[in-house]
Amino acid sequence: MFRPRTIARSFRAFLGACTLLTGAAAHAATAEDEQVWVNLTAMGPVKGDLIFFAEIQPRFGNGASRADQTLLRGAVGWKLSPELSVYQGYAHIVLPSQGGRDVNEERSFQQISWTIAKPWDGELSSRTRLEQRWRSDGSGMGWRLREMLRYEKPLNAGSQAVNALVYAEGFAALNSTDWGQRAGFDQLRSFVGGEIKLMGKSTAEIGYLNQLINQRSGNQRMNHVASITLFFRR
């Protein structure tokens, strides 16, 4: 049994670690950009406990004036319980290059999705993802670990029409590669917004996402993102 007090301490510790990382990054030179990310995800059961998700995610940068990258990602998984699912997936990412050849990234990943508990009349969940990454501008494979903590809470008791939503996701590179991945802190994403119920089980998540990236030069990049995600659930 997970107690709200224990969960609160763990969540505060995680956010505290994120704050320390952000504070340390502030001492480096930081480039900023305004972006728009759109995510269309279909998900649901295949048969029995066999499940899937598939997504397309165009991202627009440089003041949201041009395509910054396009991500195609899919996975099949197994529902171990109502609270716990595991996945194996693959992603293809296109990184447009101005005046040059586009860079392609390929990823294999393993994922654990876990509904931890329902404290304070909301829901606390975790997503852990281990990625194996290859890029067309290098030959090495990069290992990266991602951990997201997410909390949502109905704005009106007893109604799921609109939920307040926050999450934080930390990325850690587990090794260095010849194409630029550096072992250590990779990036931090922090989101605040809302989840809106659509038809059936489908939802929309709309809000502000802050992306802090540790670049190979030792400087930082901060993207201010208008994030729009549509989940089409079967």
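The values are calculated or read from the model by the stated rules, or taken from the named source; none is laboratory data. Note that this is a predicted model, so its numbers are computed, not measured. Here the Cβ positions follow ideal geometry from the backbone for every residue, glycine too, while neighbour counts run over all protein chains shown.
So the values come out like this:
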quantity: Residue check, residue 34 at pLDDT 95 or above, in a strand (DSSP E or B), charged (D, E, K, R) and under 29 Å from residue 140 (Cα atoms); calculated: no
quantity: Residue list for segment 216-234, restricted to those being assigned to a strand (DSSP E or B) and of a type in the set (Gly, Ala, Ser); calculated: 226, 227
quantity: Output for segment 23-82, where each listed residue is of a type in the set (Ser, Thr, Tyr) and either surrounded by fewer than 14 Cβ atoms within 10 Å (Cβ to Cβ) or more than 29 Å from residue 116 (Cβ to Cβ) (or both); calculated: 30, 65, 70, 81
quantity: Residue list for segment 167-210, filter: surrounded by 14 or more Cβ atoms within 10 Å (Cβ to Cβ) and among the aromatic types (Phe, Trp, Tyr); calculated: 167, 171, 179, 185, 191
quantity: Subset of segment 211-230 (residues that are within 17 Å of residue 36 (Cα to Cα) and surrounded by 15 or more Cβ atoms within 10 Å (Cβ to Cβ)); calculated: 211, 212, 213, 221, 222, 223, 225, 226, 227, 228, 229, 230
